[in-house]
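Accompanying notes for the structure given below.
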Amino acid sequence: MTGQTSGDWPLWEVFVRSRRGLSHSHAGSLHAPDAEMALRNARDLYTRRAEGVSIWVVPSSAVTASSPDEKDPFFESAADKPYRHPTFYEIPEGVKHL
Amino acid sequence: MTTTAAPAATAGEAVATGQDALRAAFDAAVAEDTRIEPRDWMPDAYRATLVRQMAQHAHSEIIGMQPEANWITRAPSLRRKAILMAKVQDEAGHGLYLYSATETLGVGRDELLDKLHAGRQRYSSIFNYPTLTWADVGAIGWLVDGAAITNQVPLCRCSYGPYARAMVRICKEESFHQRQGYELLLALSRGTAAQHAMAQDAVNRWWWPSLMMFGPPDDESAHSAQSMAWKIKRHSNDELRQRFVDICVPQAEVLGLTLPDPDLRWNESRGAHDYGEIDWSEFQEVLRGNGPCNEERINRRRAAHDNGAWVREAATAYAAKHGEAQA
């Protein structure tokens, strides 16, 4: 037996802010025994070429996702509301700053 | 649930109809080139094919650390040593991206490593060749990584989202690998007569195994047709191999090195290079475990895993002690 293996460690989702002024985006995932090691591993794994100035790690188990099976009904209510887009409205030609 | 099956329909029929709808959604996503994501329904065979291919790919990355790591302590300068360490570290990173992507298909990391260690999953046969001289580090970068890039760039458009995303990241990093190898060979080729001969010898030994990296000819490739239909694969083995040969010929000229194939010549009518017969019996032998380094590579991998056990145990104990582990 080789004892504990990394697969027993929880999975973490890694979010990287590539530079100041931008939001964190999902970069990938990794295994780590705790949050501190997850951060260190994330630095080595996802920012070897200065891809980030800030990292978040979140336990994958803490993520609640919408169900792919229900994706159509779940997002349907947005589909029939074109009046939420500025292009829905007809404005006479020549009107400026609108 | 809001199924509106006719009252006469049995439960079994309702399930079958549900499966048909799921399969239709999958087929449509593949046809429209939208990606399949982990929680989408997919055919069992699609999932199994991806696990096989992605696991083999991940294993290749981490086994691929060995032939080059062999030269880290003997790199001829601090510059070359730093480059080589960065490259080997990248290979570890590529392995981890791919293991993560494979895990999205419902297989555990441990299971994948166990299968590698037990010889039940493969890695690329190219890594069963030895790195005899420093020039081999250059030949691996130029030819082996070059062949890998030719194979991998189309995988950035693979139908399975997590695999495609991992490949985008990997391809960006592979470009450095190939260029450092080319530069290394160029330095040797333009060096002393002995250095030039060393570079030529390395190219002579790595050329044919690199061509084998694209896999068997199209008419003998077991998985190709289905993988192309699923858009896991975008080009055939022979098509990619031809592309690689055509790319390498002018690059070899600039290097001042020759490629070890007397039949290699430009074919005006095809607009491509003709090249000699590949010795597929050698490929089959290496696949069967009879390459020069098969045993050494897998033993080294097992030892690295076993010798690293205390580090994993210590990290787990530390996390438990500080109460931060998230089960």
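Residue-level check: of (1) buried (at least 20 other Cβ atoms within 10 Å of the Cβ); (2) under 30 Å from A:Arg48 (Cβ atoms); (3) not basic (Lys, Arg), B:Trp207 misses just (2). B:Asp219 falls short on exactly one of the conditions (1) within 27 Å of B:Met167 (Cα to Cα); (2) of a type in the set (D, E, K, R); (3) touching a residue at least 12 places away in the same chain (Cβ under 8 Å), and that condition is (3). For the range B:104-117, the candidate set comprises residues that are charged (D, E, K, R) and out of contact with any Ser or Thr (no Cβ under 8 Å at 6 or more places or on another chain); within that set, the residue that is least open to solvent (accessible area, probe 1.4 Å) is B:Lys115. Restricted to the range A:38-88, and to residues there that are more than 10 Å from chain B (Cβ to nearest Cβ), among the aliphatic types (A, V, I, L, M) and free of Cβ contacts under 8 Å to residues at least 12 places away in the same chain, the residue that is nearest to B:Glu91 (Cα to Cα) is A:Ala50.
Inside the range B:20-46, can you point out the residues that are open to solvent by less than 70 Å² (accessible area, probe 1.4 Å) and assigned to a helix (DSSP H, G or I)? Of everything in the range B:20-46, those that are open to solvent by less than 70 Å² (accessible area, probe 1.4 Å) and assigned to a helix (DSSP H, G or I) turn out to be B:Ala21, B:Leu22, B:Ala24, B:Ala25, B:Phe26, B:Ala28, B:Ala29, B:Val30, B:Ala45, B:Tyr46. Tell me whether the range B:186-204 contains one or more residues that are under 27 Å from B:Ala101 (Cβ atoms) and either within 14 Å of chain A (Cβ to nearest Cβ) or part of a helix (DSSP H, G or I) (or both). Scanning the range B:186-204 turns up no residue that is under 27 Å from B:Ala101 (Cβ atoms) and either within 14 Å of chain A (Cβ to nearest Cβ) or part of a helix (DSSP H, G or I) (or both).
Counting only residues that are among the polar types (S, T, N, Q) and farther than 18 Å from A:Arg43 by Cα, which one in the range B:88-113 is farthest from the other protein chains (Cβ to nearest Cβ)?
Residues of the range B:88-113 that are among the polar types (S, T, N, Q), as a first pass: B:89, B:100, B:102, B:104.
Subset that is farther than 18 Å from A:Arg43 by Cα: B:102, B:104.
Working: B:Thr102: 11, B:Thr104: 8 Å.
Checked the range B:88-113; the qualifying residue farthest from the other protein chains (Cβ to nearest Cβ) is B:Thr102.
Scanning the range B:285-315 for residues that are β-branched (Val, Ile, Thr) and either surrounded by 14 or more Cβ atoms within 10 Å (Cβ to Cβ) or away from chain A (no Cβ under 14 Å) (or both) turns up B:Val286, B:Ile298. Within the range A:8-58, which residues are on the phi > 0 side of the Ramachandran plot and open to solvent by 50 Å² or more (accessible area, probe 1.4 Å)? Result: A:Gly21, A:Ala50.
Condition check ((1) touching an Asp or Glu at 6+ places or on another chain (Cβ under 7 Å); (2) of a type outside the set (A, V, I, L, M); (3) on the phi > 0 side of the Ramachandran plot) across all residues:
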{"residue": "B:Ala58", "(1), (2), (3)": "no, no, no"}
{"residue": "B:Glu68", "(1), (2), (3)": "no, yes, no"}
{"residue": "B:Trp71", "(1), (2), (3)": "no, yes, no"}
{"residue": "B:Lys87", "(1), (2), (3)": "yes, yes, no"}
{"residue": "B:Leu96", "(1), (2), (3)": "no, no, no"}
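In the set (1) within 14 Å of chain A (Cβ to nearest Cβ); (2) free of Cβ contacts under 8 Å to residues at least 60 places away in the same chain; (3) open to solvent by less than 40 Å² (accessible area, probe 1.4 Å), B:Val249 fails one condition alone, (1).
Condition check for B:Tyr318 on (1) within 14 Å of chain A (Cβ to nearest Cβ); (2) open to solvent by less than 80 Å² (accessible area, probe 1.4 Å); (3) part of a helix (DSSP H, G or I); (4) without any contact (Cβ under 8 Å) to a residue 60 or more places away in the chain: one failure, at (2). For the range B:226-235, the criterion of being within 26 Å of B:Gln200 (Cα to Cα), touching a Phe, Trp or Tyr at 6+ places or on another chain (Cβ under 8 Å), of a type in the set (A, V, I, L, M, F, W, C) and touching a residue at least 24 places away in the same chain (Cβ under 8 Å) is met by no residue. Condition check for A:Arg40 on (1) assigned to a loop (DSSP other than H, G, I, E, B); (2) of a type outside the set (A, V, I, L, M); (3) under 19 Å from B:Ala319 (Cα atoms): one failure, at (1). Which of (1) more than 14 Å from every other protein chain (Cβ to nearest Cβ); (2) modelled with pLDDT under 95 is the odd one out, the single condition B:Arg241 does not satisfy? Failing condition for B:Arg241: (2).
Table: residues versus (1) over 30 Å from B:Arg47 (Cα atoms); (2) open to solvent by 50 Å² or more (accessible area, probe 1.4 Å); (3) among the hydroxyl-bearing types (Ser, Thr, Tyr).
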site: B:His196; (1), (2), (3): yes, yes, no
site: B:Ala225; (1), (2), (3): no, yes, no
site: B:Trp230; (1), (2), (3): no, no, no
site: B:Leu255; (1), (2), (3): yes, no, no
site: B:Pro260; (1), (2), (3): yes, no, no
site: B:Tyr275; (1), (2), (3): yes, yes, yes
site: B:Ser281; (1), (2), (3): yes, yes, yes
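Can you confirm whether B:Gly215 is open to solvent by less than 40 Å² (accessible area, probe 1.4 Å) and either over 24 Å from B:Gly146 (Cα atoms) or of a type outside the set (Asp, Glu) (or both)?
Here the answer is yes, as B:Gly215 does meet what is asked.
Return only the number of the condition from (1) open to solvent by 10 Å² or more (accessible area, probe 1.4 Å); (2) over 24 Å from A:Ala50 (Cβ atoms); (3) over 12 Å from the mean Cα position of the chain (by Cα); (4) not β-branched (Val, Ile, Thr) that B:Ala92 does not satisfy. (2) is the only condition that B:Ala92 fails.
The values are calculated or read from the model by the stated rules, or taken from the named source; none is laboratory data. Quick caveat, the model's predicted, so the values are computed rather than measured. Every residue, glycine among them, receives a Cβ derived from its backbone with ideal geometry; neighbour counts consider all protein chains shown. Please note that ligands, DNA and RNA were not included when accessible areas were found on the heavy atoms of the full protein model with its side chains. Shrake-Rupley method; radii C 1.70, N 1.55, O 1.52, S 1.80 Å.
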